[in-house]
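Contents: one structure, followed by commentary.
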Amino acid sequence: MSLNPFHWLSRLLEGLYGLYTLTLFLILGLSAFLLVVLVPGLKARRAIAHGTARFFFVCAGIRIRVMDEHELPREPCVVVANHASYLDGVVMKGVLPARFSFVIKKEVSRVPLAGLLLRRIGSEFVDRFNRHAGAMDARRIIKAADAGQALVFFPEGTFIAQPGLGKFHTGAFAIAARAHLPVVPVVIKGTRRILPSGRFLPRPGRIEIQVLPAIRASADLDSAGIVAMTREESRKRILAHLNEPDLGDADGLAPLQAARKA
């Protein structure tokens, strides 16, 4: 069986690109970490992280197209986006205004360097497995939202290699309802192809970000009704623009919870 030299050349170039991009990410990430640790002031630290994320994608040759950015309210809001890759957080950090705070699973806070960096830029961490700790985390985030903090959630909670939109958990929508904030659905396309779950080196590619109109709760709904409506409507809108299968019956946290009990 003859080997196609163009195939192997393509694989070689893709591998070299992946090594370059990974090295670039580590260098820029370490530089941002040092600056964020040393620089006083949350606003300045967030600006550093925002600028570093944007610079990374420029240097990596990954084009990011943002559509309907005007739909993002100027006032505080809760952004909810689909989750497909480790790149999603970096993409959103570079695309959204620096004032946004990211709500992240608590496991990440224990990752060396990354946890400290995220804390220094004002990220909020939530325990997904301990109900008592999770409730305390939620109360803290509600206080931040009440104080006017704009928040970003990935309501699927995790991501898998398989294309599709998973089940949305209620946390983001409950906080938005409690703080009387609009919910802004955002669609991320392209990150799963560039760096899917289980892959170590990124591929070249393009990313599209679609900001959808804000969802504002009706005055005649109670808190539970607002949570249900905003969650259902956000997921419906994201699914309509994502062009991926509906995996709503699959709970991405189940395998992680099973692994913890093993």
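The values are calculated or read from the model by the stated rules, or taken from the named source; none is laboratory data. In this text, all values refer to a predicted model and were calculated from it rather than measured experimentally. Please note: Cβ atoms are built from the backbone with ideal geometry, for glycine as well, and neighbour counts cover all protein chains shown.
A few comments on the model shown:
- Residue match in region 168-188 (condition: within 14 Å of the chain's Cα centre (by Cα), hydrophobic (A, V, I, L, M, F, W, C) and farther than 26 Å from residue 247 by Cα): no
- Cβ pairs under 7 Å, 6+ apart, first in region 55-82 and touching a residue at least 12 places away in the same chain (Cβ under 8 Å) and polar (S, T, N, Q), second surrounded by 18 or more Cβ atoms within 10 Å (Cβ to Cβ) and assigned to a helix (DSSP H, G or I): 82/238; 82/242
- Every residue from region 27-46 that is surrounded by fewer than 18 Cβ atoms within 10 Å (Cβ to Cβ), among the β-branched types (Val, Ile, Thr) and part of a helix (DSSP H, G or I): 27, 37
- Any chance residue 195 is in contact (Cβ under 8 Å) with a residue 12 or more places away in the chain and over 30 Å from residue 139 (Cβ atoms): yes
- Qualifying residue in region 105-127 (condition: touching a Gly at 6+ places or on another chain (Cβ under 9 Å) and within 18 Å of residue 183 (Cα to Cα)): no
- Members of region 204-262 found to be under 19 Å from the mean Cα position of the chain (by Cα), modelled with pLDDT of 90 or more and either within 30 Å of residue 23 (Cα to Cα) or of a type in the set (Phe, Trp, Tyr) (or both), listed by number: 205, 206, 207, 208, 209, 210
- Residue count, region 89-127 (criterion: surrounded by 19 or more Cβ atoms within 10 Å (Cβ to Cβ) and of a type in the set (D, E, K, R)): 3
- If the condition is being surrounded by fewer than 21 Cβ atoms within 10 Å (Cβ to Cβ) and outside any helix (DSSP H, G or I), then region 192-210 contributes 196, 197, 198, 199, 200, 201, 203, 204, 205, 206, 208, 210.
- Being assigned to a helix (DSSP H, G or I) and among the aromatic types (Phe, Trp, Tyr) is a description that does not apply to residue 159.
Yes/no matrix, rows are residues, columns are (1) part of a helix (DSSP H, G or I); (2) among the small types (Gly, Ala, Ser):
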| position | (1), (2) |
| --- | --- |
| 6 | yes, no |
| 13 | yes, no |
| 25 | yes, no |
| 48 | yes, no |
| 51 | yes, yes |
| 56 | yes, no |
| 66 | no, no |
| 70 | yes, no |
| 73 | no, no |
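- Answer residue from region 214-242, given it is touching a residue at least 12 places away in the same chain (Cβ under 8 Å) and closer than 30 Å to residue 60 by Cα and is surrounded by the fewest Cβ atoms within 10 Å (Cβ to Cβ) among those: 241
- Restricting attention to region 172-191, the residues being among the aliphatic types (A, V, I, L, M) and either part of a loop (DSSP other than H, G, I, E, B) or at pLDDT below 95 (or both) number 7.
- Being of a type in the set (Gly, Ala, Ser) and in contact (Cβ under 8 Å) with a residue 24 or more places away in the chain is a property that residue 41 lacks.
- Residues in region 77-88 that are outside any helix (DSSP H, G or I) and buried (at least 20 other Cβ atoms within 10 Å of the Cβ): 77, 78, 79, 80, 81, 82, 83, 84, 85.
- Hits in region 111-136 (condition: farther than 14 Å from residue 170 by Cα, modelled with pLDDT of 85 or more and not in a loop (DSSP other than H, G, I, E, B)): 114, 115, 116, 117, 118, 119, 120, 124, 125, 136
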